[in-house]
Amino acid sequence: MFESVPAAMVAQLLDRGYEVARSTAARAASIAESRERIRESLLQARAIVDIPDADLDGVSLAEDEVSAIDGAFICDNQSIGDLCTAVAVSVGPKDGQGESSVFMESVPRASRNKEMLQGIMASMEILMAASSDAKVVLVDGSMLSGLISISKAMFTTAGMTGELAERLRTSASDDLRGAVWDLLTSPRFVALPKYTTKNELAPWIPSEFRVQDAKTVATLALRPGEATAWILADDHTEKQVRKGSIGRSLGFDEHGDAALKSLMEDVVSCYYRPHPWTPAFRLDLARSTAENEENSLRVLRAIRDNTTTSGILEPFPLFLVDQYAKQISAGAAPMVSMAAMENIEDDDAQLLLAARYRS
């Protein structure tokens, strides 16, 4: 592993690494020893709910009725500018090996290109999610993260010109507004953020564990087949200012903007641990879905039935679509560069195209 690293550096790494490893192990052991305290606190607060397999099996859901949506983008810095690629990918019913939507453009370098590209990708993901005909649609990320990305990009790039800015502005269409409304109201959609730094469970657990993130706490406290009670999703409280501008950035009128804010405030979350080998997954749903027993059980069954492979720590459709999205976005720049080189005869122009902005 360290063959090419000077011996003195390796010695420092090993010495310090051993000390850190011991303290890390001690911290892990300390938290694990407190599992029952954390669990008891959640039980006293009635914040743990048993989800029997029999209840899940009682709702109708076939394997081919679950789809997953993910996106990726890459802003490849080249000497001649930025090669921007954004993709949205779906796997699920009638998609075969996967369906994708691709945006690609070569533009002058600008500090806001990545932000605009992220907003473009988010709009593509939402449109693709709304177009799925699956009974349960797994969306990568939190329920509101895509809306926040679009809104942030819209307001940051106001007044700018160029291909990315124009593409971003045209995304605020009737189709997108309809897709956003569907996302926040239809019982088909569940969003699964991979990472969370907040602890929505903090009010229910001993104070010394409130600095831990909720996913860690839930994974420790929940037994397989258990979930936490529904709680308000954290996104709209953390980004209150941005939330207030989302409707306007998407082109909703005053009435639509007010209704959209109400829907965003009605997004709820829970943490669900379906199997001994899985962590607890955070699920974001519309409140109306969570309050309907059949719809909420169908969502939980989709998570349970698609996390049967140990070692893949997310529902398999999301794992698969994530792999597709990353490969498409990462492979775009080399493909375009090679094709462009074949059409250039000038040596200096070839050098500009071949040279990277950074090694």
Label-point gap, in nm, between VAL49 and GLU33 - each point 7 angstrom along Cα→Cβ: 3.5 nm
Specify which residue in the list PRO276, GLY225, SER131 is farthest towards the positive end of the charge dipole of region 123-279, using unit charges on the beta carbon of Lys, Arg (+1) and Asp, Glu (-1), about the Cα centre. PRO276
So if we plug the beta-carbon distance of VAL10 and GLU63 into 1/(1 + (r/R0)^6) with R0 = 56 Å, what FRET efficiency do we get, rounded to 0.05? 0.70
The alpha-carbon center of region 1-70 and that of region 270-308 are separated, in whole Å, by 18 Å
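Using a 1.4 angstrom probe, figure out how much accessible area region 134-260 has per residue, in square angstrom, rounded to the nearest whole.
Details: 5420 Å² over 127 residues.
About 43 Å² of surface per residue is accessible.
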Could you please state how large a percent of the accessible area of region 12-74 is carbon and sulfur, counting protein chains only and using a 1.4 Å probe? 50 percent
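The values are calculated or read from the model by the stated rules, or taken from the named source; none is laboratory data. All values reported here derive from a predicted model rather than from experimental measurement. A quick note on method: Cβ atoms are made from the backbone with ideal geometry, for glycine too, and the neighbour counts reach across all protein chains shown. For the accessible areas, the whole protein counts, side chains as well, though only heavy atoms, and no ligand, DNA or RNA atoms are used. Shrake-Rupley method; radii C 1.70, N 1.55, O 1.52, S 1.80 Å.
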